[in-house]
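Enquirer: Please see the structure below; I have some questions.
The values are calculated or read from the model by the stated rules, or taken from the named source; none is laboratory data. Just so you know, these numbers come straight off a predicted model, no measurement behind them. A quick note on method: Cβ atoms are made from the backbone with ideal geometry, for glycine too, and the neighbour counts reach across all protein chains shown.
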Amino acid sequence: MNRKVLTTLIVAFVIASLCGFVTYRLVTSHMAATAPLKTARVVAAASDIKLGTVLSSSDLKMVEIAGSPPKGAIFNAEAAVGRGVISNLYEGEPVLESRLAAPGSGGGLAATIPPGMRACAVKVDDVVGVAGFVTPGMRVDVLASGTPPGASATTQGTVTSTILQNIEVLSAGTDIQKDAEGKPHQVQVVNLLVTPEEAQSLSLASNQLKIQLVLRNPLDTKVSQVAGTAMSNLFVGQNSAPKPFRRVVPVVRKKAELEPFKVQVINGSTVSEEKFSSVGGHQ
């Protein structure tokens, strides 16, 4: 076979192979783009649902989502009806098992308390409660201020100590209580998630001392050793009251008068006498 013809056939075969590969890639990508996406029907919230709500059939709807369903998704509405919501749900959001209380536990705040934990209510002022300082899910430290037992109020004054750290807020709202005259008034109440031992300390402090909540970063879970601060320590290093001014009168001392002394000077046959008032002086 002619060498020139053989070279032409090889080049034509390579070009045909490349064209076939490019055509195959274009066809497969087009088929993948036009293929229908995999979808799934899951249970979602029909409207915004608040924490503690017991779900009913009117609160739920079925929605179709593209791709794989999220972990813990519920595919039957009957499996969610009658269960309490332990975190806020928003309209159109898929309902997950992790967002609902266990079947039969009901709703309300009690359904959001994990086993072995307690919800302890603490009264706070309007600045902490109304201003949105503390909302569910946040982390706080609990400070107690008062006079320690056996200590005099005049020695150290009020002492503030951190009694609890990194405590989760379950809920925040208002409650109706009566004052000393029996008149109802609203108070700000925050429910904290604590252990039984922490609940005892918090209850004792809230009845005897003034409680203050301090907001902290949710990612900061470190528990620090914080010493209590006394009122007297706040003024350590401050300048004391100025001392009364005393005028200093300089004392002028008179120089002691030295008695003059005589020196006899003999210069050859001449004898003279010189008088001096002090050493180095001449009179």
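Enquirer: Restricting to the stretch 44-74, and then to whatever is part of a loop (DSSP other than H, G, I, E, B) and touching a Lys or Arg at 6+ places or on another chain (Cβ under 7 Å), can you tell me which residue is surrounded by the most Cβ atoms within 10 Å (Cβ to Cβ)?
Expert: Among those residues, the one meeting the criterion is Leu55.
Enquirer: Residues in the stretch 122-138 that are modelled with pLDDT of 85 or more and either touching a helix residue (DSSP H, G or I) at 6+ places or on another chain (Cβ under 6 Å) or buried (at least 19 other Cβ atoms within 10 Å of the Cβ) (or both): how many?
Expert: Count: 1.
Enquirer: Which of the residues that make up the stretch 39-70 are among the charged types (D, E, K, R), within 37 Å of the chain's Cα centre (by Cα) and modelled with pLDDT of 90 or more?
Expert: Asp48, Asp59
A quick yes/no check of all residues on (1) assigned by TED's automatic domain parsing to the domain that holds Gly137; (2) touching a His at 6+ places or on another chain (Cβ under 8 Å); (3) polar (S, T, N, Q); (4) farther than 30 Å from Ala172 by Cβ:
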site	(1), (2), (3), (4)
Phe13	no, no, no, yes
Ala46	no, no, no, no
Thr53	no, no, yes, no
Gly67	no, no, no, yes
Pro70	no, no, no, no
Val85	no, no, no, no
Leu96	no, no, no, no
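Enquirer: Separate question: Go through Leu55, Leu60, Leu109 for me and flag whichever is without any contact (Cβ under 8 Å) to a residue 40 or more places away in the chain and within 25 Å of Gly137 (Cβ to Cβ).
Expert: Leu60
Enquirer: Only one residue in Ala101, Ala151 is touching a Lys or Arg at 6+ places or on another chain (Cβ under 6 Å) and at pLDDT below 85. Which one? Steps first, please.
Expert: Details: Ala151 fails: touching a Lys or Arg at 6+ places or on another chain (Cβ under 6 Å).
After ruling out the rest, the residue left standing is Ala101.
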